[in-house]
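For reference, the structure is listed below as structure tokens.
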Amino acid sequence: MDFRQQTVVLLKPDTVKRGLVGEIISRFEKVGLKIIAMKMVWISPDLAKKHYPISREDWIESIGKRALETYKEYGRDPGEDLDSLDPKEIGKKMASWLVDFLTEGPLVAMLLEGGNAINTVRKMTGHTFGDRALPGTIRGDFSDERGYVGFVEKRSARNLVHASGNVEEAEFEKKLWFKENEIHQYKRVEDSL
Ligand code: TYD
């Protein structure tokens, strides 16, 4: 089904520092997604903590579980890098690393609109880890970071982009990141055809 959606994209601080902002925005523009809001911001830990639902224990536990899955995928022993094998403990550390990462420099926040925008942007973004992301995706083309390297270096995976995962997340993130007067409705050339 093709229906119009809005989705939030963050070009994380690693994208800005590597000078990839234009390159990545250009991909979204060329595919026909309409930029309806965009700004560069250096956010506070408070906003980063709202962006990721880190006060939800089930979310903390689920990313901790994903980390253990990551270790399985790579056939690496998590005991080498992680102090605890408890998903909740791992998740808590990951949450604080995510906040550090999102606040380490300015990022670019965008609201994109288009047919099936949420899914399109997720597909264009690719797998969480650069070395697992397919060529042609943003993460696959601009990163080859292995999934466990962040844990070795006690930091979040540097994966360039955040993209809303579903309609509920997109709605929540739109309200969190943008005021009504920062969102612009206009016609792209193809809208007038
Ligand atoms: P998640 O929402 O699962 O990934 P995605 O960004 O692909 O939707 O996880 C949120 C962020 O947490 C992810 O972008 C990077 C970080 N993370 C790690 O650093 N290591 C991990 O093993 C996982 C699962 C996530």
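Some observations on this one:
- Sequence-distant lysines (8 or more away, or on other chains) whose Cα lies within less than 16 Å of K72: none
- Across the stretch 62-72, coupling constants 3J(HN,Hα) worked out from phi with the 6.51/-1.76/1.60 Karplus curve, θ = phi - 60°, read 5, 6, x, 5, 4, 5, 5, 4, 4, 4, 4 Hz, and Gly and Pro carry x.
- Proximal lysines relative to K179, as straight alpha-carbon distance under 16 Å, when same-chain residues fewer than 8 apart are discounted: K39, K50
- For the chain, size of Cβ-based charge dipole, Lys and Arg +1, Asp and Glu -1, in debye: 440
- Modelled spin-label separation between R146 and E182, with each label point placed 7 Å from Cα along the Cα-to-Cβ direction: 3.8 nm.
- Over the chain, relative contact order from alpha-carbon pairs under 8 Å, at least 6 apart, %: 35
- Taking amide H atoms as placed 1.01 Å from N in the peptide plane, the amide H of Q5 lies under 5 Å from those of G114, G115, N116, A117, each 5 or more residues away in sequence or on another chain.
- Structure note, pairs K88/K123; K34/K93; K65/K154: Cα-Cα distances above 26 angstrom occur for K88/K123; K34/K93.
- Residues of type aspartates and glutamates that K175 reaches as a straight line, Cα spacing below 18 Å, ignoring anything fewer than 8 places off in the same chain: D46, E113
No lab work stands behind these numbers, since they all come straight from the coordinates. Just so you know, these numbers come straight off a predicted model, no measurement behind them. Cβ sites come from the backbone with ideal geometry, for glycine too, and all protein chains shown count toward neighbours.
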